[in-house]
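Student: After the structure tokens below, expect a handful of questions from me.
The values are calculated or read from the model by the stated rules, or taken from the named source; none is laboratory data. Since this is a predicted model, take the numbers as computed values, not measurements. In this analysis, Cβ positions are derived from the backbone assuming ideal geometry, glycine residues included, and neighbour counts consider all displayed protein chains. Note: areas computed on protein heavy atoms with side chains; ligands, DNA, RNA excluded. Shrake-Rupley method; radii C 1.70, N 1.55, O 1.52, S 1.80 Å.
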Amino acid sequence: MIYDHKKIEAKWREVWEKEEIYKTSKNPKKKKYILDMFPYPSGATMHVGHLEGYVATDILSRFYRMRGYDVLHPMGWDAFGLPAENYAIKTGIHPDKSTHDNIKIFKKQLDVSGLSYDWDYEIDTSSPEFYKWTQTIFIKMWQKGLAYKKKAPVNWCPKDETVLANEQVVDGKCERCDTPVIQKELNQWFLKITDYADRLISGLDGINWPEEVKLQQKNWIGRSEGRIIKFDDIEVFTTRPETVNSATFIAVAGESDKFTGRYVTNPATDEKIPVWEASYVMLDYGTGAIMGVPAYDERDLVFAKKNKIKIVKKPYTKKLIGEPKVNYHLRDWLVSRQRYWGCPIPMVYCKDHDWQAVKFEELPVTLPNDVDYNPRGKSPNASSKTFQEGAKCPICGKKAKREVDTMDTYVDSSWYFVRFVDPKNNNKIVSVEASKKWLPVDEYVGGGHVVQHLLFARFFWKFMHDEGLVDKSLGDEPFLKLRAPGWILGPDSRKMSKRWGNVVTPDDIIPKFGADTLRVYEMFMGPFDVVKVWNLTGVEGANRFLKKVWRLFQLPINPACAGRNSQLSNNEINYKLHKTVKSVTEDIENYKFNTAIAKIMEFVNVLTVHSSQITVHKLGILAQLLAPFAPHIAEELWQNVLKQKGSVHASEWPEYDEKYLVSNEMNIAVQVNGKLRGQITVPTQIASDELRVKTLAKKNKKVAKWIESGRIKKEIFVPNKLINFVV
Ligand code: ANZ
């Protein structure tokens, strides 16, 4: 019987689907919510790098199910976004069509990889059933004063003709198309994330996240303690109030550097100091004005020298003046986009009542289909003939104008994980009971998004928690544990990209080697969180390993064969078995998938060499340990070779017994005249028995030849350790 991955994998996937073995429990007792950062279904198919995290969460899900947990492991689509719209501009294909065509391809790819999602929980952020609730949350925020509109200079990409969030501007260029970004004054919707700045920092202490991610979030929020000091009518924010007596100028935010002709009084020295405009002072931080202290501050020194301003260095003042003040570098979140393929902002403008929220019972405000996607500096929805129909002011009932902008797609992903626990609820964002059953997320896996998504999602959670939209007992943080897979680079050690022609997709690997091989290889490449280089030889190695497992299960399980192979004592083999179970269990819990596989490999070697000691019991445990990693082959071996009843994935994870973990044998070093000449293995009970150790040591062939020649004059015995013959 050869290992026919094609037949096995297709067969079992069908059985699993029919038997619904991944159905989520309706009444979880011991819950685990295991979540992937859901993908944007892009036109480029999924590559092996994307799969890395999905395989990891699949391993965790299968493992915890086998350990008796009720697991929620859902998948869905972050379906709104610019690429589909840009594609529509180029091809005329509606974003809804291209997105859903892509979803089909992605779903197929996930499926053939043997991922155990419960598709009853699938969500699609571009469906009205989902974005109705995105709009509901927006309105609830607006009602609490957390959503507001203001004129603001915004980053504008002249090519995409849209506003970009600060995070989407990389080195002054549009993150998506590399066009230099310009500033433009526009009326924009903001979400007041700054109200949560302190909680977004303090919450980090209690969660199991990589330290560098926490640090980057802290830096992004940029909490800064200082003081506000008044120089006549000009207030400045400073973190160094003790240097105020050395302040020799004031600088207010300006387009370019120039002297205003004004003077103000330094409250610490009573001296008159000049007021400058300086381009290095930011308008929207602190008070938009600084005290210039060239003696202590590098930037102020450069400015003072250039503009021939006095430089005075005095000792720090003991008595601090001004009022204590905390500032944050975090800005409110600009969420409006002048784009089509996003969630419509559910607001209307009334001449008499300003901006008002659409009534909840009128949601969702649906995206119109009759739009011109081409960016013309206006939102595409403004070109629709139907979009404004029925828009009226909720206060006076008069005709009103709908907001034509849509929301940043990060809004959708800020709460999707909440919807996953109750995805078909038609009456509510989520029922409080469902939230209590599954939330918060226990294991969250995904790469990148260190600042934006993770910060926004924490903000939304805190809001929903405060509002009682999720159960109050759930705590202030949505993702208890976070891990990010390391990048998988192409075989040429470059980032996988169409440009380099080095993209490897599951479709390149699965037909030839099978999904089990792909999964085992991806997890065996190296530690989960480090960068790894794709290597076909490694894929072949993983495949050879599975074939070896396959052959092991084909060996006769027959005590009559005993004696042909080298033998391990029962104790030793039990020790190896229990030790393997223990380490694989702990490794999976700690995301050490590569070492878990290495230990399974070792155990396969032990059984292969000592094949006379194979039993159904031992092979069964091996199949179970392998099940999370290589689910198809494990199932075939479990059900068809070992004739076990039911799915291996529904079986109980093997337990290890501490009692076997103390090895029952000890190694004793044997010396002759102080030189190491051999080693003997003795049962632990006799390792301190001098007479018995001596007898065994003398019989040892290697040792015997050294003592043959002479008479033993003396024996030195260290119990459990060594025996030395002096001849
Ligand atoms: C005097 C001084 C002396 C300062 C010194 C620093 C060192 P963080 O930590 O980022 O909050 N500052 C305040 N508002 C500013 C603005 N709108 N644009 C540019 N710079 C601004 O930094 C606070 C410090 O940055 C403040 O403390 C102020 O300079 C400057 F030896 O005041 B300092």
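Student: Starting from 0.36 nm per residue, how many nanometres of slack lie between Lys11 and Ala650 once their C-alpha separation is accounted for?
Tutor: Gain in length upon complete extension: 228.3 nm.
Student: Starting from the 7 Å offset along Cα-to-Cβ, what nm value, one decimal, do you get for the label separation of Ala669 and Glu20?
Tutor: 6.4 nm
Student: Moving on to the next point. For segment 224-327, compute the number of Lys pairs whose alpha carbons are separated by less than 18 Å, excluding pairs fewer than 8 positions apart on the same chain.
Tutor: Within segment 224-327, the lysine pair count is 15.
Student: Then there is this: If you place +1 on the Cβ of every Lys and Arg and -1 on the Cβ of every Asp and Glu, how big does the dipole about the Cα centre of segment 224-327 come out, in debye to the nearest 20?
Tutor: It comes to approximately 460 debye.
Student: Among Ala542, Ala382, Gln143, whose Cα lies farthest out toward the positive end of the dipole of the chain, if unit charges sit on the beta carbon of Lys, Arg (+1) and Asp, Glu (-1)?
Tutor: The residue sitting most towards the positive pole is Ala542.
Student: Keeping all protein chains in position, work out how much accessible area Asp284 exposes to a 1.4 Å probe, and write it in Å² to the nearest 10.
Tutor: In the full protein context, Asp284 sits at about 100 Å².
Student: Sticking with this structure for a sec: Angle check, please: helix 82-91 long axis (alpha carbons) against the longest principal axis of the chain (alpha carbons), in degrees 0 to 90, nearest 10.
Tutor: Taking Cα atoms only, the helix is inclined about 80 degrees.
Student: What accessible area per residue comes out for segment 452-527, rounded to a whole number of Å², with a 1.4 Å probe?
Tutor: Value for segment 452-527: 37 Å² per residue.
Student: Would you mind checking the tilt of helix 690-699 against the longest principal axis of the Cα atoms of the chain, expressed as 0 to 90 degrees and rounded to 10?
Tutor: The helix 690-699 is inclined about 80 degrees to the chain.
Student: Can you compute 3J(HN,Hα) from phi for each residue in segment 634-641, using the Karplus curve 6.51 cos²θ - 1.76 cosθ + 1.60 with θ = phi - 60°, rounded to whole Hz and x for Gly and Pro?
Tutor: 4, 5, 4, 5, 5, 7, 8, 8
Student: Mind checking which aspartates and glutamates have their C-alpha under 17 Å from Lys173, skipping anything on the same chain fewer than 8 residues away?
Tutor: Asp160, Glu161
Student: Pairs Lys11/Lys592; Lys659/Lys701; Lys32/Lys424: which exceed 28 Å Cα-Cα?
Tutor: Beyond 28 Å: Lys11/Lys592; Lys659/Lys701.
Student: Further question on the same structure: Of all trypsin sites (Lys or Arg not before Pro) in segment 1-42, which ones are in loop regions per DSSP and have a Cβ with at most 16 other Cβ atoms within 10 Å?
Tutor: Lys23, Lys26, Lys29, Lys30
Student: Checking the cross-link filter: which lysines have an alpha carbon closer than 23 Å to that of Lys351, excluding same-chain neighbours under 8 positions apart?
Tutor: The qualifying lysines are Lys140, Lys144, Lys149, Lys150, Lys151, Lys359, Lys378, Lys385, Lys392, Lys398, Lys399, Lys401.
Student: How far, in degrees from 0 to 90, does helix 593-609 lean away from the longest principal axis of the Cα atoms of the chain, to the nearest 10?
Tutor: Orientation of helix 593-609: about 10 degrees from the principal axis.
Student: Now a separate question. How much length is gained if the chain between Tyr263 and Asp101 is pulled fully straight, taking 0.36 nm per residue apart and subtracting their Cα-Cα distance, in nm to one decimal?
Tutor: 51.7 nm
Student: Let me ask something additional. How many angstrom lie between the C-alpha centres of segment 53-83 and segment 643-670?
Tutor: Segment 53-83 and segment 643-670 have Cα centres separated by 29 Å.
Student: Same structure, new question: When we measure straight from the Cα of Lys90, which lysines land under 17 angstrom away, once same-chain ones fewer than 8 places off are left out?
Tutor: Reachable lysines: Lys159.
Student: Still on this structure, I have one more. With a 1.4 Å probe and all protein chains left in place, how much accessible area per residue does segment 224-327 have, in Å²?
Tutor: With all protein chains present, segment 224-327 gives 56 Å² per residue.
Student: Distance between Cα centroids, segment 278-334 to segment 111-178: provide it in whole Å.
Tutor: So the two Cα centres are separated by 36 Å.
Student: Enter the Cα centre distance for the pair segment 502-552 and segment 362-399, rounded to the nearest angstrom.
Tutor: The distance from the Cα centre of segment 502-552 to that of segment 362-399 comes to 50 Å.
Student: Which shape class, rounded, prolate or oblate, goes with the chain when its Cα gyration tensor gives a ≥ b ≥ c as root eigenvalues, a/c under 1.5 marks rounded, and past that a/b bigger than b/c marks prolate?
Tutor: Because a/c hits 1.5 or more and a/b fails to exceed b/c, the chain counts as oblate.
Student: For the chain, which whole percent of the accessible surface, found with a 1.4 angstrom probe, sits on carbon and sulfur atoms?
Tutor: Answer for the chain is 51 percent, counting heavy atoms of protein chains only.
Student: Sort 623-632, 82-91, 391-400 for me by packing, meaning the mean count of neighbouring Cβ atoms within 10 Å per residue, highest on top.
Tutor: Per-residue Cβ counts within 10 Å, averaged per peptide and sorted highest first, yield 623-632, 82-91, 391-400.
Student: Working with all protein chains in place, sort Glu20, Glu298, Glu255 by solvent-accessible area computed with a 1.4 Å probe, largest first.
Tutor: Result, largest first: Glu255, Glu298, Glu20.
Student: Using a 1.4 Å probe, what is the accessible area per residue for segment 665-726, in Å²?
Tutor: Heavy-atom SASA per residue in segment 665-726 reads 66 Å².
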